[in-house]
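Down below is the structure, laid out as structure tokens.
The values are calculated or read from the model by the stated rules, or taken from the named source; none is laboratory data. Since the model is a prediction, treat every value here as computed from it, not as a measurement. Every residue, glycine as well, gets a Cβ built from its backbone with ideal geometry; the counts of neighbours run over all protein chains shown. Keep in mind that these areas ignore ligands, DNA and RNA; they rest on the heavy atoms of the full protein, side chains included. Shrake-Rupley method; radii C 1.70, N 1.55, O 1.52, S 1.80 Å.
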Amino acid sequence: QVQLVESGGGWVQAGGSLRLSCAAPGSIFSASAVNWYRQAPGKQREFVARVSRGGGTNYADSVNGRFTISRDNAKNTVCLQMNSLKAEDTGVYYCNLVFGVLNYWGQGTQVTVSS
């Protein structure tokens, strides 16, 4: 079983910043794409950002220009830098690692943005 460890969530005022991290096993990390998803109370889980094996990135329209996803293959870590946070960014953020046809999920980390 692959275990992903997320960290960096917390409480911040609107306009502030947070940085989330996701650590993954080194054996498969460099060969995997990594996504961040989030789930707000009462809503479905939604895609936030993705970094491919080669470092290419994609973002949801709602976060484009404010969030930056990056990976460090030497540290087996993916980070999500979140700037200019809004109340609607509140939710549980999940790291998702895609290795071939396999999907692994972290336990989630809470992000709360107060307006």
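Results, tabulated for the structure shown:
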{"quantity": "The stretch 59-112 - Rg over Rh from alpha carbon coordinates, Kirkwood radius", "calculated": "0.99"}
{"quantity": "Accessible area of Lys75 in the full protein assembly, 1.4 Å probe (Å², nearest 10)", "calculated": "150 Å²"}
{"quantity": "List Thr68, Thr90, ordered by accessible area with a 1.4 Å probe, largest first", "calculated": "Thr68, Thr90"}
{"quantity": "Spin-label zone in the stretch 66-87 - amide nitrogen under 20 Å from a point set 7 Å from the Cα of Gln110 along the C-beta vector", "calculated": "82, 85-87"}
{"quantity": "Solitary cysteines of the chain, where the nearest other Cys Cβ is not under 4.7 Å", "calculated": "Cys79"}
{"quantity": "Where the stretch 49-102 is the region considered: accessible area per residue in Å², 1.4 Å probe", "calculated": "49 Å²"}
{"quantity": "Summed residue charge, Cβ within 13 Å of Val113's Cβ, Lys/Arg positive, Asp/Glu negative", "calculated": "+1"}
{"quantity": "Calculated FRET efficiency for the pair Val5/Lys86, C-beta based, R₀ 22 Å, to 0.05", "calculated": "0.25"}
{"quantity": "The chain: relative contact order in percent, alpha carbon pairs under 8 Å with at least 6 residues between", "calculated": "36 percent"}
